[in-house]
Structure formats: C-alpha cells, structure tokens
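First comes the structure, then the notes that go with it.
The values are calculated or read from the model by the stated rules, or taken from the named source; none is laboratory data. What you see is a predicted model; the values in this text were computed from it and never measured. Ideal geometry is used to build each Cβ from the backbone, glycine not excepted, and the neighbour counts take in all protein chains shown. Surface accessibility is based on the protein's heavy atoms, side chains included, excluding ligands, DNA and RNA. Shrake-Rupley method; radii C 1.70, N 1.55, O 1.52, S 1.80 Å.
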Amino acid sequence: MISNQILQNTIEGLKTITRVDICVMGTDGRALASTIQNAEAYRGSVMTFVESPAESMVLQGFQFFKVFDERQLEYVIMAKGDSDDVYMVGKIATFQIHNLLIAYKERYDKDNFIKNLLLDNLLLVDIYNRAKKLHISTDVRRCVFIVEVKGENENNAFETVKSLFAGKTKDFITEVDEKNIIVVKELKADESYQDMEKTAKIILDMLNTEVMAKVHVSYGTIVSEIKDVSRSYKEAKMALDVGRIFYSNRNVIAYSNLGIGRLIYQLPIPLCKMFIKEIFGGKSPDDFDEETLITINRFFDNNLNVSETSRQLYIHRNTLVYRLDKLQKMTGLDIRLFEDAITFKIALMVVKYMKYIEKTDY
C-alpha cells in the first residue's frame, strides 16, 4: 500500500538522525527499501523470523522487527547492530512504518468512500456509518467541482490540483474516470457562489500556468448534507456537458447559470428532430453557406442590430438586408423580428445538441 519511494525516504531520514542502517523487507524476504548494502543476502534470516512467533529477534548481528496491520504481517524491519540503541531505533522505525500504514489505509478508505459517494454506490445508512468511522463531517456545506484537462501534460494536472488544496485536509481530490478530476470542497458558513466562481478561476489559472493544457471547470450547487454530494457532482457533470455543447467560449461554467442550454440538454432526440423538421423543413443549418452562417451569428451577437452588424462585416446595409431576406425565403423566418429570432436561435442550439449526442453515441 505504501510506495517503496515513501519507505525509502522514511528510512533514509531515520538513518540521517540515528546513523543506523535500516532495511524494510516484504514478508517474502524481498528488500523494498534499504540503506544496507546487499540486503537480499539476509533473505533466509528474514524468512526464519517471519515464520517464528516472535515480534522481534536478533540474528546475524541485526535486529529484526515485525510491522502488523490489524494482525496481518505487512513488513519486516531490519536494523544493523545488536545494541540497545539499535533496538530503540528499530522500534522507532517500526512505529513510524505502522503509522504510515494507518495513514495510507485511512486515505485510501476515504478516497474509496468519496468515489462511491459520488457515483451513488452507497445506501443512505452506509453513507453516515462510513462517514462517522472515517471522521468525515456529515452536515457541513460542500460543493463539487469537475476539472476537465485536455493536452499533452494532462497527467500532471491531478498532482497540480492536489497541491493547490494541500493545506485543506477537509477537501477531497479524486478521479472517477480517466477524463476528469473531482474536487469535493468543504465550505465555510459565509462562502457563496461568488466564492465558488473565484475558486474555479483559481484552479483554471493555476492549471493554465503549470500544465499549459486546455482546461474547463464546472461546479454544482452548494449542499449541506453529505448524502447530497452526489447531486452536486451530477449537476457539475451536466454543467460541463452543457458548456461543451453550447458555451464553448466559457472556461468556467456553473450549474446555476446554464440558461436555455439546460432545457435543450434534457430534450429527447425524437422531439428535437421533430422541432428541426418543423422549423427548417428538409433543410439543416449545415446546408447554409459559410457567408450566411457568419452573417447569422454576427447578427445575433449584435442583438439584431442591422447597422452595427453591417459595419462589423464591412458590407453595405442593403447587402445585409439582402442576405436576411434570402434567409427568410429559405426558412420562412425573419430573424429581424424578435419572435422569429428566438425560434431560429433555439433551433441552432438544438442542432448543436443533436450533433453532440450523435458524436458521443459512436
């Protein structure tokens, strides 16, 4: 459970302080971490010690100690020397490794608990029982963030996000799939959605600086019970999808600010197809030429202002009017009129949604 590198760092630190050589060995006699040369040569002695009922022993000028995890033998500590001082160092090393086992096991259990909590894999009674056992508060305010990272350095993103929350032991950083990093953040009583937006932007800025990858951050609503954490996660996930489809220019998106995209995202595909057929007949926005699409998007960007749109497109006002008249003949919608403009805008968003669903289905 504990990485060999952590074990190596631990015994090297102990040797620096005590000047006693130490080796951590597995129950099969293999050296996992060592400051002793040729530690494998003592494998026979280790196996003899493993099979004995003793918890410590002196063999061939070495002190041997057993490290247990709930009565299960996990490691053997070997300290060079047979004096009382070496015995004390060996006991300290045993105590240190045992505490590391507890810490790593608790960390693993907490991570496993949070993953199952997010994915709704726990019964309500199990949520509260396990949270109590793991000393996780059940009635504090929390919010779930999802961090999506795409790029060559995406593997470094998880460690970067962990370092950002390193001093906040009540926050949880985990992964439930290979695509996204999940942050379950515990909030103070006075923290609001404005603070959530700031946190999301801090994550975004740090990853853009450290990882230099394409990053999107979404977050759900604030919940006050641990059982509702999964709901905040689902909301953040939905926000990420809606942002990907309709608001690709936003790097941070909140579930509470999805606009009309929230409604379209929940429409069944057959209903979407019926709506598009009703609006465009047998045509699709994909059939429009690039010039028409640019004109439509710029016209919407300028709040249906003909003069400003023609100025930005560097065309005469009459040319723009001609293009809009042409669009009206094709679709039966005059987007200079507010009601037709709304219908057309929604239709474009529905087409985007249908394309996204079609793409993700393959």
Quiz item: Given a Förster radius of 22 Å and the C-beta distance between Val125 and Glu225 as r, what FRET efficiency does 1/(1 + (r/R0)^6) yield to the nearest 0.05?
Solution: 0.95
Self-check item: Selected from Val149, Val76, Asn180, residue furthest toward positive end of dipole (region 58-204; charges at beta carbon)
Solution: Val76
Quiz item: Which of the lysines could a cross-linker span from Lys15 if the Cα-Cα distance has to be under 29 Å and same-chain partners fewer than 8 positions apart are dropped?
Solution: Lys66, Lys80, Lys91, Lys105
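What is the sum of charges around Asn302, taking Lys and Arg as +1, Asp and Glu as -1, for the other residues whose C-beta is under 15 Å from the C-beta of Asn302? Walk me through the numbers before you get to the answer.
Numbers: positive: Arg298, Arg311, Arg317, Arg323, Arg336, Lys345; negative: Asp301, Glu308.
So the environment of Asn302 carries a net charge of +4.
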Exercise. Pull out the extension gain between Met274 and Thr16, defined as 0.36 nm times the separation in residues minus the alpha carbon to alpha carbon distance; nm, one decimal.
Key: 85.4 nm
Exercise. Starting from the Cα of Thr138, step 7 Å along the direction of its Cβ; do the same at Asn208; then give the gap between the two resulting points in nm.
Key: 4.2
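Full-extension gain between Lys91 and Ala54, please, as 0.36 nm times their residue separation minus the C-alpha to C-alpha distance. It would help to have the intermediate numbers written out before the result.
Details: separation 37, 0.36 × 37 = 13.32 nm, distance 1.41 nm.
Length difference between fully extended and current span is 11.9 nm.
Counting Lys and Arg as +1 and Asp and Glu as -1, each charge on the Cβ, what is the dipole of region 1-72 about the Cα centre in debye, to the nearest 20? Could you put the intermediate results ahead of the total?
Values: 6 positive and 8 negative charges, 32 e Å.
Around 160 debye, computed over region 1-72.
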Quiz item: Among the lysines in region 200-349, how many pairs, 8 or more places apart or on different chains, have alpha carbons under 19 Å apart?
Solution: 13
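So between Glu40 and Asp190, what do we pick up on full extension, going 0.36 nm a residue minus the alpha carbon distance?
On the way: separation 150, 0.36 × 150 = 54.00 nm, distance 5.78 nm.
Gain on stretching Glu40 to Asp190: 48.2 nm.
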Quiz item: Once you charge only the Cβ atoms, +1 for Lys and Arg and -1 for Asp and Glu, what is the size of the charge dipole of region 48-197 about its Cα centre, to the nearest 20 debye?
Solution: 340
Exercise. Net charge near Leu124: determine it from the other residues with C-beta under 15 Å of the C-beta of Leu124, scoring Lys and Arg +1 and Asp and Glu -1.
Key: -1
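Starting from the Kirkwood radius over alpha-carbon pairs of region 246-362, derive D by Stokes-Einstein at 20 °C in a medium of 1.002 mPa s and give it in µm² s⁻¹. Walk me through the numbers before you get to the answer.
Numbers: Rh = 15.5 Å.
In µm²/s, the coefficient rounds to 139.
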Quiz item: Which of the GluC sites (Glu not before Pro) across region 51-158 are loop residues per DSSP, with 11 or fewer other Cβ within 10 Å?
Solution: Glu70, Glu152
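Please report the net charge: other residues with Cβ closer than 14 Å to the Cβ of Asn249, K and R +1, D and E -1. Mind showing how you got there, number by number?
Values: positive: Lys214, Arg244, Arg250, Lys352; negative: Asp301.
Surrounding charge for Asn249 is +3.
For region 40-110, what is the relative contact order in percent, using Cα pairs closer than 8 Å and at least 6 residues apart in sequence? Before the final figure, lay out each step's value.
Details: 74 pairs, mean separation 15.9, N = 71.
The value is 22 percent.
Using only Cα atoms, what is the ratio of the radius of gyration of region 1-150 to 2.2 N^0.38 Å? Write out the running numbers ahead of the final one.
Numbers: Rg = 19.7 Å, N = 150, 2.2 N^0.38 = 14.8 Å.
For region 1-150, the normalised Cα radius of gyration comes out at 1.34.
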Quiz item: What spacing in nm lies between the two simple spin-label points modelled at Asn9 and Phe165, each 7 Å away from Cα in the Cβ direction?
Solution: 2.0
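Which helices of the chain meet both criteria: a Cα extent of 27 Å or more along the helical axis and a mean Kyte-Doolittle score no lower than 1.6, with helices taken as whole DSSP H segments? Intermediate values should be presented prior to the final figure.
Values: long enough: 84-118 (51 Å, -0.20); 338-360 (33 Å, 0.37).
Counting only whole DSSP H runs, no helix qualifies.
Taking Cα pairs under 8 Å and at least six residues apart, what relative contact order does the chain come out at, in percent?
10
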Self-check item: Globularity ratio of region 174-239, using Cα Rg and 2.2 N^0.38 Å
Solution: 1.16
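Using a 1.4 angstrom probe on heavy atoms only, work out the carbon and sulfur share of the accessible area of region 208-249 in %. List each step's numbers first, then the result.
Numbers: 810 of 1740 Å².
On region 208-249, the fraction of accessible area on carbon and sulfur atoms equals 47 percent.
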